[in-house]
Amino acid sequence: MAIIKTEGLTYVYGEGTPFRKVAVDHVDLEIEKGDFAGIIGHTGSGKSTLIQHFNGLLKPTSGSVYIDGEKLWDDKAKLRPVRFKVGLVFQYPEYQLFEETVYKDIAFGPKNMGLDEKEIDRRIKETARLVGIPHDILKKSPFELSGGQKRRVAIAGVMAMEPEVLILDEPASGLDPKGREHILGMIKEYHKEKGNTVLLVSHSMEDIARNVNKILVMNDSKLFCYEETAKVFHRSKELADMGLAVPQVTRVFDRLKAMGIELDEDVYTVKFGRDLLLDKLSKRKAEQN
């Protein structure tokens, strides 16, 4: 069953002014429960505007958005519970930290849900474990932490609300390579353990390729495709025509195919490419013997 569904979703900035711009144009989409999807598109493609419709931050100019079968904006009173069901982590979320301790910052969302102290405490400790925050750090001020730790605390604050859908907008932006790997690995582990729907917005095709099962591609305000990762990278030329750079390893293997080397699979991660080549070499060696 689709946890998120849109029908003819359209959003226009500056309607009735000389600055009118269609940011999302008649998008029909279904995202299933449990999907771990990447959202990609060139700057101005509409991806950030799209995700802000999923928890009611933006109201469609036309068209509809359904969350778990329930139509948004039919009843404004129902928007608040939807925002607990669909958690949205904006880029650089650590700038929103403000409480005296890490514990209180993570507790902020669950408290707004009206949960009792015992349940809030359970969620804080469970989420801290998931994102790799040691127990002793919970007592510290978030402003004493490193940049990567602050980012994990901010993400934990949304995870602690236990949303059915977790949306992260460029969660690894601005971090060094080690920090990027830690954050993305944490998100992947969260999806594996919880089984919730996760949407990861990123400009890095390598990050997308290594982590997600499906990819949603936005192009010039329209939905280009929403398919399994391998199928999307099979359309590497079309992606390149949109100004999207496919992973470097994909370009290497596309070049090998162009040179006449027979490869049945589309390669989008280094590990998969290595395994594919080793298997091919092993079979060739066996044939020669």
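Just one of the listed residues (LYS47, LYS125) is out of contact with any Phe, Trp or Tyr (no Cβ under 7 Å at 6 or more places or on another chain) and either more than 15 Å from TYR11 (Cβ to Cβ) or not assigned by TED's automatic domain parsing to the domain that holds ASP220 (or both), namely LYS125.
So that you can scan it fast, the table gives a plain yes or no per residue for (1) among the basic types (Lys, Arg); (2) within 30 Å of ALA230 (Cα to Cα); (3) in contact (Cβ under 8 Å) with a residue 24 or more places away in the chain:
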{"residue": "GLY109", "(1), (2), (3)": "no, no, yes"}
{"residue": "ALA160", "(1), (2), (3)": "no, no, yes"}
{"residue": "GLU170", "(1), (2), (3)": "no, yes, yes"}
{"residue": "LYS188", "(1), (2), (3)": "yes, yes, yes"}
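I need a count of the residues in segment 152-205 that are among the basic types (Lys, Arg) and buried (at least 20 other Cβ atoms within 10 Å of the Cβ). Count: 1.
Do you know which residues across segment 72-124 are hydroxyl-bearing (Ser, Thr, Tyr) and surrounded by fewer than 17 Cβ atoms within 10 Å (Cβ to Cβ)? Once the filter is applied, which keeps residues that are hydroxyl-bearing (Ser, Thr, Tyr) and surrounded by fewer than 17 Cβ atoms within 10 Å (Cβ to Cβ), segment 72-124 yields TYR92, TYR95, THR101.
If the condition is being under 19 Å from LEU239 (Cα atoms) and part of a helix (DSSP H, G or I), then segment 42-69 contributes LYS47, SER48. Tallying residues that are of a type in the set (D, E, K, R) and either surrounded by fewer than 17 Cβ atoms within 10 Å (Cβ to Cβ) or touching a strand residue (DSSP E or B) at 6+ places or on another chain (Cβ under 9 Å) (or both) within segment 206-215 yields 2. Could you go through segment 131-154 and let me know if any residue there is touching a residue at least 24 places away in the same chain (Cβ under 8 Å), of a type in the set (Ser, Thr, Tyr) and closer than 21 Å to TYR190 by Cβ. Checked against the condition, which is being touching a residue at least 24 places away in the same chain (Cβ under 8 Å), of a type in the set (Ser, Thr, Tyr) and closer than 21 Å to TYR190 by Cβ, segment 131-154 yields no hits at all.
Let's see how each residue does on (1) at negative phi; (2) surrounded by fewer than 16 Cβ atoms within 10 Å (Cβ to Cβ); (3) under 21 Å from the mean Cα position of the chain (by Cα):
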site	(1), (2), (3)
HIS26	no, yes, no
GLU32	yes, yes, yes
ASP35	yes, no, yes
SER45	yes, no, yes
PHE54	yes, no, yes
LEU58	yes, no, yes
THR61	yes, yes, no
GLU70	yes, yes, no
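The values are calculated or read from the model by the stated rules, or taken from the named source; none is laboratory data. Keep in mind that this is a model prediction, so the values were computed, not measured. Cβ: placed from backbone, ideal geometry, glycine included. Neighbour counts: every protein chain shown.
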